[in-house]
Structures are given as structure tokens and as C-alpha cells.
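Read-outs: derived from the displayed coordinates by stated rules, not from any lab. In this text, all values refer to a predicted model and were calculated from it rather than measured experimentally. Glycine also receives a Cβ, built like all others from the backbone with ideal geometry; neighbour counts cover every protein chain displayed.
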Amino acid sequence: MCGVVGYVGKNNAIPILINGLSKLEYRGYDSAGVAVFDCGKIKICKTKGRIQNLQDKLFVNPLKGKIGIGHTRWATHGIPSYRNAHPQFSDDSKIAVVHNGIIENYMAIKEELEQKGYNFISETDTESVAHLIDYYYKSGMDILDAVFKTVERIEGSYALGIICRDFPNQLIAARKDSPLVIGIGKEENFIASDMPAILNYTRDVYLIDDNEVALLTADEIKIFDQNKNEIKKEVFKVDWDIEAAEKSGYDHFMLKEIFEQPKVVKENLSRRFKEDDSGVQLDTIKLDKKELLDIGQIYIVACGTAYYAGLVGKYLIERVARIPVNSELASEFRYKQPLIDEKTLVIVVSQSGETADTLAAMRLAKANGARVLGVVNAVGSSIAREADDVLYTLAGPEIAVASTKAFSAQVTAMFLLTLHIAMELDKISHDEFLTIKNEMENLPSLVNNILTKAPVIKRFMQKYINSKNVFYIGRGLDYIVSMEGSLKLKEIAYLHSEPYAAGELKHGPIALIEESTLVIGVVTQEELFEKTVSNIREVKARGAKVLAIAMKGNREIEKYADDVFYIPRTHWMLAPLLANIPQQLFAYYVALGLGNDVDKPRNLAKSVTVE
Ligand code: F6R
């Protein structure tokens, strides 16, 4: 979604802001802008479209200044346009604001301010913030008080960067329900909505919490709580390599992240089995037999790809550890008044740790007394900080909008959780545990093996790129894999695709099958093989082309499918991780073949911080 950066220091802010914004491009945006304090005035440059357009404009009309704010906007209120791009000015250009999030009561504020003579130029909710600060400031408050008063009035979510013409040396920031960090430099300081924006300059950050306001100069950072008391925060050290947020020679972040998966899976397994081979060690999470027996019910809650990883968890915990699990879309969870109490364990799964719906679901669960376990990738994110326990998925920064390595990491976490619960509750024997553990430890090399076959998938892409509709079908775990495969194709290839439980086809959707339809049949689960094969034969009989994903050694499928991609043999419960890799590559190559912007697909944002 939108990105915020800000700079105050001894250097020219413009290249720093542009560099920061370019590191946030992956979040998805449709316009960009910067504002700097230049020769006694705040000067703005903004534009619809890519950061390159902004740079082109700045090349023609250069700006310079030692303090500035920048923004990439993902339109919510008003179309992508010059007028609606941020920074937004107050009436007489005294105050400039960049904002991530949504101001829910902006219409009421707008009406109130219009009656006081304020003139609104944009359709954005953000403009009301700029005018409201201006209003309080001009009514006699000092600028910090005016910001405090404004954040008290506004409802919704915000990460704000604010500069005021009367204070050429200070930058103000505020946060509620939208991520914001402060980068600590030497004679310079930064604000950003996401770490990559400032990693070129510093690894030392303060993580700003909800309702806090910060005042930054080149030499000083003051952070205040909502009662305006200055507070001291611990410095958080970012331990990523800067290369982790670079393409490192790959054409796209997505491809790089797909190829990082062996390393990511290995990292997730390392130190997570007890040394004496007696079970799983989930970092500092206890969740032992006593605690587990005390739990009345389990929910797994997430959005999108993370939700599918959660579905794998539900399936496995129920089937292997034999306890019921509810799996819920975070965007629906709150509205069904879920039956949560102190005996409920809610597992929230999130790569970013900032997804608005997941965060809100987690807060609801906590408010009802549930214990929350976060399965989170982004260290220091809101979910990681607010959950009772965190199991980090150790995938490093995921930059491409389409989630790949984070899914593999989340699914690995689900394998570990399943084994842990099953062992604690004596639902599997020690021998079974050892068999699965050994197979898990093989996963990194099996993933690697699949990746060496990327050229095979590229050939399938050439053969099937003109398919009009794509169905992904499977049963059991293969159905869950189908959902993730279909989502990936939709989001980056923009091809219409549907996942179906194979047995459901004849209850309606089979009517859509025709000669231009591609059916991707996922058939890794031996016990369901014959059943899914019958469904494959049904779609073949109606003219569809079938590309199957099967476990190595299962040659029978070749009789029914036009093409087969074999994944290496593994334990049935681990197959989803392997079967998904060719799907990721397929979506990647199809998107590329269709000329799409793989890393920044249209209409999408990396981290969905609005509901
Ligand atoms: C799909 C994708 C999204 C995310 C979803 C949840 O490729 O990336 O569906 O999985 O928006 O995001 P997180 O995991 O950050 O909560």
C-alpha cells in the first residue's frame, strides 16, 4: 500500500527521499510525490504514475532542501492524479502532510473546515489532516499541540509525516494502526513506513507504537505518548543484509524469492527439533501438554496466501494431532461474532504482520481473552509485538507483491506446529515423528531439485499461455495447494482462474470446461489419486488440456494428463510445500510471457493496511 519516508539532516533530502520511495515501490502505488523546505518555502513535486515520472519532473525542475517528506500513494479516496497525490498542503501551503491509512471521519472534518473557510482541492481524506493541523496551529497552539489535537480528532488509521513552513528544521510523525519507524542517523534522522526505505542509511530504529507522536530534528528525536509525555524507547537493530532487499542479479524479486526457498525452509527447521530427538522446539513457545489440554478450541486466522498456509495447518493439526481447528479469513472473522474466550488459542498468520484485517482479528481475539500465537515474518511488526507468543517464519524481507517464500515458510511453521502438538498429545509415535522429521530435513534439497527444473515449467508456459480459463483442482491437501496456485496466477498473470475441490466440479463448474480451458490437476496425495484422476478424465472428455503435478514414480497419471510435472517423493503431509513450487514458477513465467510487471502487479499492494 502507500509508502511514507521523511528526512531531516545535513544532506539534500531529495535523493534520500527518492531512494527511500524506490525501496517502497514493491508495496504497490499509483502516484508519488515529495515536499522539501527550500528557500523559505515548502515546495512540492508530485505526479501520477511511477517514481521515474517523479524523477523526470525533478530533473526538469530540481528541488533542494535539508528536510523533506515523500510518499507513494495507492488510491483509496479519489483517483490516482496529481491533485490526489501526496504530499497534501494546507490552504496557504504552510503545512505539508504525507499519510498512509484511512481517515474515516474526514467528511465531517471537511464540512466543518469548509464552513470555517478552508478550501479543499483534492478528493483525499489526507487533505483534511493538513487543514486541521493548520487550523489548530493558527488558532494559537504550538505546532506539536496542533498535531496532538488533530490526531485526537481523527478516526481511522494513519502513519503521518508532517512539515511546517515556520519550522524549517523539524519533522513530525504520528502513528495509529499503520506502521511507522524512525531511523536514527548521525546528524540526520529518518521516518519510514517500512524498513527498506531507510536501510541504506541506518540499521538503528525506533518502532513507533499506536498513538505516539515524534518530533525529529537532525540531532534529536523526541517521542511522546498520547498524553504528551516524552517516552524513552529501546533502539531496535535491523539485522537484515541490505542485499536481502535487493534483486542480487535476478530479473525480478519474485524469481529471487522463489529461489531463496531452500534456504528459507532450512532456516525454519534449524534449531527447531529438540537435540535429543524427542520433539519440536518452537523457539520460546511452550504450548506443552498441560497448556494444550487446557485449550478449548483453536482458530487459525489470516488473509490471502497466509490463509492458505493456515488451511494447511488446520488440515494437518486435525488429521495428525486429532484436534479440531477453525480456519477463518481475517476479513470475515470479526463480523461473525466468533465464540472466543480465555480457553481459545488464536493462531494469526501474516508475512507483513501489518495486514489490517488480521491485526483487527487478533485484537478482537485478545479483547475476548484468547491467547494469540503470531506466525509472523516481519520482525517488530504490529502483530509480532502484540501477540502473546510469536513464531517467526524467518523468510527475510519479501519484496515481490506475490508471496512465495513467505508461504513456504508459513507452511513449514504449520508442519512444525502439527508435529509439536501431535507429540505433546501423544498422537503420533516416536518412530513416526522421526520419519517425518527426517523427511522435513530433506525438504531444502527437494525444493532445490524442483528449482533446477524451472526450464520445464517455462516450456509449459509457452504451451499453455493462451488458455482462456484455468482451473486448479485437487482433493484434500492438493485442493489447498490448488487455491494458492490459482491465486498466484490471478494476481500476476491476470488470467481468470478458479480453484476447485476436484469432487465439486460436477456440481456446476464443469459446465465451463471447453477446449481452451487449462486444468491444473494436483495429485500428490496417493490415497486420493484414483478419485482425482476420475475428475481429470471428466474434464479431458470435455476437451480441456490437463497439466498434472504429481509425485515422482506415479507414471499412471501420464495416461490421463497432457503434461506432468513430477515433484520428488516425500511424506504425504509435506507435499503441499513441494507441489506449490512449480505453481509459483508457472505463474511467474506466464506473467512474464504476457508482458506483466511481475513484481508490481496492477491494483495490488504488498501489505494491505486498510480493511
Ligand atoms: C498473495 C499475497 C496476499 C497476502 C495477504 C496477507 O500473494 O501476498 O494474499 O498473503 O495479503 O498478507 P500478510 O501475510 O502480510 O498478512
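In terms of Cα to Cα distance under 20 Å, which lysines are near enough to Lys263, apart from those fewer than 8 places away along the same chain?
Lys247, Lys405, Lys437, Lys453
In percent, what relative contact order does region 3-239 have, based on Cα pairs under 8 Å that are 6 or more apart in sequence?
20 percent
For region 3-239, report the % of Cα-Cα distances exceeding 31 Å.
12 percent
So which GluC sites (Glu not before Pro) in region 476-524 pass both tests, a DSSP loop state and at most 16 other Cβ atoms within 10 Å of the Cβ?
Qualifying residues, ordered by number: Glu514, Glu515.
For the chain, what ratio Rg/Rh do Cα atoms give with a Kirkwood hydrodynamic radius?
Reported Rg/Rh, Kirkwood definition of Rh: 1.00.
Roughly how many Å is it from the Cα centre of region 126-163 to that of region 196-269, as a whole number?
First find each Cα centre; the distance between them is then 26 Å.
Taking 0.36 nm per residue of sequence separation and subtracting the Cα-Cα distance, how much length would be gained by fully extending the chain between Asp251 and Glu515, in nm to one decimal?
91.7 nm
Reachable aspartates and glutamates from Lys343, Cα under 20 Å, same-chain residues fewer than 8 places away excluded?
Asp288, Glu291, Asp294, Glu318, Glu328, Glu386, Asp388, Asp389, Glu424
Quick one: what Rg and Dmax do you get for region 1-56 from the alpha carbons, in Å?
Every Cα atom of region 1-56 included, Rg and Dmax give 11.3, 34 Å.
If one computes the Cα centroid of region 341-415 and of region 289-316, what distance in Å separates the two points?
11 Å
Would you mind computing, in nm to one decimal, how far apart the modelled labels at Arg271 and Asp56 are, each placed 7 Å from Cα along Cα→Cβ?
Simple spin-label model gives 4.9 nm for this pair.
Using only the alpha-carbon atoms of region 454-593 as identical scatterers, what base-10 log of I(q)/I(0) does the Debye formula give at q = 0.20 Å⁻¹?
-1.19
At 222 nm, what helix-only mean residue ellipticity would the chain give, in deg cm²/dmol to the nearest 500, using -39500 (n - 2.57) for each DSSP H run of four or more?
Helices in the chain give a 222 nm mean residue ellipticity of -11000 deg cm²/dmol.
Taking a ≥ b ≥ c as the square roots of the Cα gyration tensor eigenvalues, with a/c under 1.5 meaning rounded and otherwise prolate when a/b beats b/c, else oblate, which class fits region 175-225?
oblate
Report ³J(HN,Hα) in whole Hz for each residue of region 513-521, in order, from the Karplus equation J = 6.51 cos²θ - 1.76 cosθ + 1.60 where θ = phi - 60°; Gly and Pro get x.
With coefficients 6.51, -1.76 and 1.60, one gets 6, 8, 5, 8, 8, 9, 10, 9, x Hz.
With unit charges on the beta carbons (Lys and Arg positive, Asp and Glu negative) and the dipole taken about the Cα centre of the chain, which residue among Gln170, Leu269, Ala402 sits farthest to the positive side?
Farthest towards the positive pole: Ala402.
Given 0.36 nm per residue, what is the gain on full extension from Arg459 to Asp283 after removing their alpha carbon distance, in nm?
Here the segment from Arg459 to Asp283 would lengthen by 59.2 nm.
Is the C-alpha gyration tensor of region 245-441 telling us rounded, prolate or oblate? Criteria: a/c under 1.5 is rounded; beyond that, a/b larger than b/c is prolate, otherwise oblate.
oblate
Label-point separation (nm) for Glu432 and Glu152, each offset 7 Å from Cα along Cα-to-Cβ?
Taking the simple label geometry, Glu432 and Glu152 are separated by 6.0 nm.
What is the sum of charges, Lys and Arg at +1 and Asp and Glu at -1, for the other residues whose Cβ falls under 12 Å from the Cβ of Leu477?
Net local charge, Leu477 excluded: -2.
Exposure proxy check: Asp431, Asp251, Asp388 ranked by fewest other beta carbons within 10 Å?
With the sparsest Cβ surroundings first, the list reads Asp431, Asp251, Asp388.
If you take the C-alpha gyration tensor of region 351-454, multiply each eigenvalue by 5 and take the square root, what semi-axes do you get, largest first, in whole Å?
Semi-axis lengths for region 351-454 are 27, 22, 9 Å.
Taking a point 7 angstrom from the Cα of His571 along the C-beta vector, which residues in region 372-415 have backbone N less than 13 Å away?
412-415
For region 72-91 and region 586-605, what is the separation of their C-alpha centers, rounded to whole Å?
26 Å
Please get the size of the charge dipole for region 3-239, origin at its Cα centre, with Cβ charges of +1 on Lys and Arg and -1 on Asp and Glu, quoted in debye to the nearest 20.
Charge dipole, region 3-239, about its Cα centre: 820 debye, nearest 20.
For region 10-44, which trypsin sites (Lys or Arg not before Pro) are both in a DSSP coil and crowded by at most 13 other Cβ atoms within 10 Å?
Lys10
Of all trypsin sites (Lys or Arg not before Pro) in region 477-553, which ones are in loop regions per DSSP and have a Cβ with at most 16 other Cβ atoms within 10 Å?
The qualifying sites are Arg542, Lys552.
What number of lysine-lysine pairs in region 454-593 show an alpha-carbon separation below 15 angstrom, given a sequence spacing of 8 or more or placement on distinct chains?
Total qualifying Lys-Lys pairs in region 454-593 comes to 9.
Mind sorting Met254, Met573, Met414 by how few other Cβ atoms lie within 10 Å of their own Cβ, fewest first?
Sorted ascending by nearby Cβ count, the order is Met573, Met414, Met254.
Taking H as built 1.01 Å from N, whose amide H comes closer than 5 Å to the amide H of Ile520, not counting residues under 5 places away?
It is Phe471, Tyr472, Ile473, Leu547, by chain and number.
Using only the Cα atoms of region 79-187, what do you get for the radius of gyration and for Dmax, in Å?
Taking only Cα atoms of region 79-187, I get Rg and Dmax of 13.3, 45 Å.
Rounded to whole Å and sorted largest first, what semi-axes of the equivalent ellipsoid does the C-alpha gyration tensor of region 20-112 yield via the square root of 5 times each eigenvalue?
So the equivalent ellipsoid measures 22, 18, 11 Å along its semi-axes.
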